[in-house]
Protein chains: 2
Amino acid sequence: MTDVFHALADPTRRDLLDRLFLTGGLTLSELAEGAPMSRQGVAKHIAILEAANLVTTEWEGRNKRHFLNPVPLTGIVHRWVGKFEDARLDALAEFKTRLEGQTDKKETKRHG
Amino acid sequence: MTDVFHALADPTRRDLLDRLFLTGGLTLSELAEGAPMSRQGVAKHIAILEAANLVTTEWEGRNKRHFLNPVPLTGIVHRWVGKFEDARLDALAEFKTRLEGQTDKKETKRHG
DNA sequence: TTGACATGCAACCAAACGGTTGCATATAAA
DNA sequence: TTTATATGCAACCGTTTGGTTGCATGTCAA
């Protein structure tokens, strides 16, 4: 769970996932060509995506082909988003109630 | 987007969201009581959650009340999970195909 | 066998993270 | 007004992150 969120928290890694979403089976070198960093830099990002199980690899001779694995994302939905989604409408209602009550509250100076 | 994922990538912050999910309106001090770190430590985490718009705050005198805001999570679903979810069945089919073809491929030693 | 290519591993570095402590300020209560 | 409470701000510190470079190893092609 932490691994998945952490993997997704970097725009470079999200770009890599996007590219693998469009074109499955790219090699490390191919991924490194389009990236604004060295091949080793890309390799580190790929390792993180692999650790989060967001990328699956397959060896083909000396080429390592990469594929997007969207399964961990569904885990996020069911464990996190769905849970809060249920509370979303309630939260909106509660939020609206708070906003409406705001005019009755005292307005005071704040720290900074 | 980066902010949301980064905010969710820390178990302490996910715990804080869980607590605010169960009990809305907790103050910083109340959140700090149940946490295994100093109040200032919690304050830093809260600041990150606020920056990601996952937590909304409301001043009430000297008390700062905190509320969960699940809206950014739905953004994740629609921009990320939903997009890949569409491809999930296709990906599974493709993955199965690759696995089936695997027996025909040569097995070679790897680097490390 | 030799050379080119794809990848892995390790060391190094600046910057960011996650936490602490100390102190300042705003509000509430006595 | 004085005192206690709730929060904010800033400096500091060890570890992790995100990137680099250099070199070693495995595989394909002449």
> Which value, in debye to the nearest 20, describes the size of the charge dipole of segment A:1-80 about its Cα centre when Lys and Arg Cβ atoms bear +1, Asp and Glu Cβ atoms bear -1, and nothing else is charged?
Replying inline: 80
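For peptide B:42-55, compute the average count of partner chain beta-carbon atoms within 10 Å of each residue's beta-carbon.
0
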> Can you list, bin by bin at 10 Å, the percent of alpha carbon pairs in segment A:1-79, starting at 0?
Replying inline: 19, 56, 22, 3
> Taking the highest mean first, how do the peptides B:32-44, A:56-68, A:4-16 order by number of other beta carbon atoms within 10 angstrom per residue?
Replying inline: A:4-16, A:56-68, B:32-44
>> Just to check, using Stokes-Einstein with a Kirkwood Rh over alpha carbon pairs, what's the diffusion coefficient of segment B:1-44 at 10 °C and 1.306 mPa s in µm²/s?
In response: 145
> Which ³J(HN,Hα) values, rounded to whole Hz and listed in residue order, are derived for segment A:35-50 from phi using the Karplus coefficients 6.51, -1.76 and 1.60 in 6.51 cos²θ - 1.76 cosθ + 1.60 with θ = phi - 60°, glycine and proline given as x?
Replying inline: 9, x, 7, 6, 4, 5, x, 4, 4, 5, 5, 4, 4, 5, 5, 5
> Under 17 Å from a point 7 Å along the Cα-to-Cβ line of residue A:79: which residues of segment A:12-29 have their amide N that close?
Replying inline: none
> So what are the ³J(HN,Hα) numbers for segment B:4-13, from phi and the Karplus equation (6.51, -1.76, 1.60; θ = phi - 60°), rounded to whole Hz, Gly and Pro as x?
Replying inline: 5, 4, 4, 4, 7, 7, 10, x, 4, 5
>> For the rotation taking A to B, I'd like to know which residue in chain A has the C-beta closest to the axis, plus that distance in Å.
In response: A:9, 2
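Taken together, the values in this text are just the output of simple stated rules run on the coordinates, not laboratory data. Being a predicted model, the structure only gives us computed values, none of them experimental. Methodologically, a virtual Cβ is constructed for each residue, glycine included, from the backbone with ideal geometry; neighbour enumeration extends over all protein chains shown.
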